[in-house]
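Below you'll find the structure, written out as structure tokens, and then a few comments.
The values are calculated or read from the model by the stated rules, or taken from the named source; none is laboratory data. Model, not experiment: these values are computed from the prediction. All Cβ positions, glycine included, derive from the backbone under ideal geometry; neighbour counts span all protein chains shown.
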């Protein structure tokens, strides 16, 4: 046992704990003292161990460093890697602690008179059956030393350095040792050794094979998991659903909470990223530069506020709470793009450990926590977006494939490149509002020419689609009319909740940014018919409050998890009083049950018995006050003998014994006392009381 | 029942007790218990080590009362008919005649009762419980004062069978004599220097005296509160931890009756709590069966009852 625990301690980095637990168990060979625990005690110890395991699981689950387990559960669209990573970490930490949590049970067995535990203790089914009166397995006992040995080995297997072979060989030695003592004597030593070697060889091959298989499955697994998670917004590219057939389904999950602080008008759009280059073949927008063109930013002196655009005081501020759903390999922490109102100047109240980066197209990448609650200060005007680049000319490029359709639409709108910007915008707005409808449903085109793009079909024939169609078409139309424009992705804000606003996943939106050359700023421009919000809301289900509740719970938990980080260190300590209370309850519950009926009986009869008015009780009280109280189980005569042992009370002995006889007759003789005897009892009690008062209590 | 009857009964007790103390030195408490059981109509089981005077006490009691006395030495090959009696065919008158066994007596000494097999031990069940025996389908009454004193060696000794629970329950009391002090033992040696004092013992009371004493005991008053206390004491053994089988209602009855007898001996005509407390261990403890685990851990039935006595509130 000692060796197994030591091995576990070595493998799971709990060397001291493992060694000391082992010493405690092995000390049973030296220490002769034993407890006598009955089946009920083992039931309680087992319940305690289970509670400990549950508490441990809860603790590990909530305080996992690598992205919360519960958080991931409540909050579906974590990146695949992140979720898998955290689940693995949670379970390994939990399993590595298992021998510690179950230690009280083995400890109780080792130091018990009988070196086995009742089978009924570990199985609720058996306990229940026993309660029902079936005595099928009542007398069955189980030696848990070997099960515990296996738990230790298993737990030791969950080690961090999975590359080394030390675990396998250590385990071989331990198993050989354990089997040695229980080997069958019928077979020779050689047979035994050969069999063992064969088994170990098979085991070695098996673990080697499993290693290989695991690598294959891990690769497969990542791809498979990824399909279940919505692609988070990527600053480098945005794959649109343009050209996809079927219905777009978006979840009502709440992803952002807004609390206006100093605001005239709440921003309509929260932008996560914007893009410059469109690839019609893949229906994808690209930011126009590489994925890692983010440049790190530095916080202000206070460490919590960050300036995006220098100078120029902001006019409005809003409090934003959002999740960071990505996983940063660089920082080993959650990361994500911040949804910001257009024209954000500075961010405030960010946690100190957060790191921010920005890219030229106005995306801000934050890393450090799964949930961010911060203030965004903004004002229409200059933003962090870079002005149109005249060299690469990304912001004015129109794809050749779409050109024909765009020109046809422009001629339909009666617009030309020389018209002022305002006319162009009004013209495009009106054109889309009058001739296009919003729908999330796309039918397959049977007669469509094979060389036409989905966008041209949208513009010329279909004239219905969702925001990505409108935004893409508008950006390209504006560019064709000579206005630099960008494709923006983020959320539309329209739903109020109390004093603030909430943004659901289905409020995800795409629109465009138009370059106002005269003011040298980017302006939001949305051509999607405003009916889209109403149409999206049609998807609202009757049970939306339920999903809102889940979102709210997830949010509250994330707040607790990410904001009150210092709480977590005390979580384990806060569990201890709970465990103590539970333990007390478990131990004393059955004792109380037994005591109760008696207490009740005594209460109900006390008032009934005759003779309780006796003056002897006053005497007893006064005598007891001298330092000799009467325990409940001692009779009056015995107690009086003890109380009157004091030499000062010698002359009181005969009268008091006589009085006791009178008192007893009053209490326990069914006919009771005659009137004169009752008087005598009263009188003599008074005399004795006076006599007692005269004698000084002995020190 | 008049006070004179109580006084006469008390005098009978005192005469017998004084007579026994001539032989049994330093065993006044045991004598008192024994006589309480006799007066209460119960039977007594004396368990102790060999040579502590169990048989002597029984014989001294038998000699002190002018009554029939028989003894059975229990051996492993003893049969029920050896106790109850057997019908024997008489060649002369061509009929079966019932030959009464030793059970047809006033005082029966069942010596080393646990050396017989449980089958033979059980032959005493009906006799002790109901004062009658059924032999060959015929019911025969025993004497009015049928009193069994059984002795046994501790169960752990070699060649013993444990008494069945039902048999144990038929005994009103079980107590031990224990070793006497060194001074008392020297006095015993001196007394037996020439001959055993028991041989000179004369009877101190007649059968009628003892039966009158039994009647007097029945008239000792006991309050409902103390009856309740006795019942609570017995009932508490049924829920105590480590107990497999608690004491029966027969225990409460025996407790009440022996307490009445003790009250008579003490010179009062009603029962006080002390008498119940004093008798709780000898009356209740031998009926309680412990769980094997509790027994191995050192718990005794005596300990269980003493613990209950300490915890249960005594009427005062």
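Points to keep in mind about this one:
- Tally, over the stretch A:612-630, of residues that are more than 9 Å from every other protein chain (Cβ to nearest Cβ) and either within 60 Å of the chain's Cα centre (by Cα) or not in a helix (DSSP H, G or I) (or both): 10
- Residue A:346 being within 30 Å of residue A:453 (Cα to Cα) and buried (at least 19 other Cβ atoms within 10 Å of the Cβ): no
- Condition broken by residue B:46, with the remaining ones in (1) in contact with a strand residue (DSSP E or B) (Cβ under 6 Å, 6 or more places away or on another chain); (2) without any contact (Cβ under 8 Å) to a residue 12 or more places away in the chain satisfied: (2)
- Residue match in the stretch B:172-195 (condition: in contact with a strand residue (DSSP E or B) (Cβ under 8 Å, 6 or more places away or on another chain), modelled with pLDDT under 85 and assigned to a loop (DSSP other than H, G, I, E, B)): no
- Members of the stretch B:260-280 that are touching a residue at least 60 places away in the same chain (Cβ under 8 Å) and under 15 Å from the mean Cα position of the chain (by Cα): B:261, B:262, B:279
- Qualifying helices (runs of 4 or more DSSP H) (wholly inside the stretch B:223-311; at least 3 residues being more than 8 Å from every other protein chain (Cβ to nearest Cβ) and crowded, with 16+ Cβ neighbours inside 10 Å): B:224-239, B:249-266, B:273-284, B:301-311
- Of the criteria (1) within 14 Å of chain B (Cβ to nearest Cβ); (2) modelled with pLDDT under 85; (3) in contact with a strand residue (DSSP E or B) (Cβ under 7 Å, 6 or more places away or on another chain), which one residue A:593 fails: (3)
- Condition met for residue B:60 (under 20 Å from the mean Cα position of the chain (by Cα), without any contact (Cβ under 8 Å) to a residue 60 or more places away in the chain and closer than 29 Å to residue B:179 by Cα): no
- Qualifying position, being at pLDDT below 75, within 24 Å of residue A:355 (Cα to Cα) and crowded, with 16+ Cβ neighbours inside 10 Å, among A:273, A:299, A:236: A:236
- Odd one out for residue B:222 among (1) more than 23 Å from residue A:638 (Cα to Cα); (2) touching a strand residue (DSSP E or B) at 6+ places or on another chain (Cβ under 8 Å); (3) at pLDDT 90 or above: (1)
- When residue B:210 is tested against (1) out of contact with any strand residue (DSSP E or B) (no Cβ under 6 Å at 6 or more places or on another chain); (2) assigned to a helix (DSSP H, G or I); (3) touching a residue at least 24 places away in the same chain (Cβ under 8 Å), only condition (1) is not met.
- Single residue of B:136, B:112 found to be buried (at least 19 other Cβ atoms within 10 Å of the Cβ), farther than 30 Å from residue B:220 by Cα and without any contact (Cβ under 8 Å) to a residue 60 or more places away in the chain: B:112
Residues are listed down the side, and each one gets a yes or a no for (1) in a loop (DSSP other than H, G, I, E, B); (2) in contact with a helix residue (DSSP H, G or I) (Cβ under 6 Å, 6 or more places away or on another chain); (3) surrounded by fewer than 22 Cβ atoms within 10 Å (Cβ to Cβ):
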{"position": "B:15", "(1), (2), (3)": "no, no, yes"}
{"position": "B:36", "(1), (2), (3)": "no, yes, no"}
{"position": "B:39", "(1), (2), (3)": "no, yes, no"}
{"position": "B:52", "(1), (2), (3)": "yes, no, yes"}
{"position": "B:62", "(1), (2), (3)": "no, no, no"}
{"position": "B:102", "(1), (2), (3)": "yes, no, yes"}
{"position": "B:108", "(1), (2), (3)": "no, no, no"}
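- The lone exception for residue A:665 - which of (1) touching a strand residue (DSSP E or B) at 6+ places or on another chain (Cβ under 9 Å); (2) under 11 Å from residue B:316 (Cβ atoms) it fails: (2)
- Looking across the stretch B:236-251, the residues that are closer than 15 Å to residue B:306 by Cα and within 22 Å of the chain's Cα centre (by Cα) come down to B:237, B:246, B:247.
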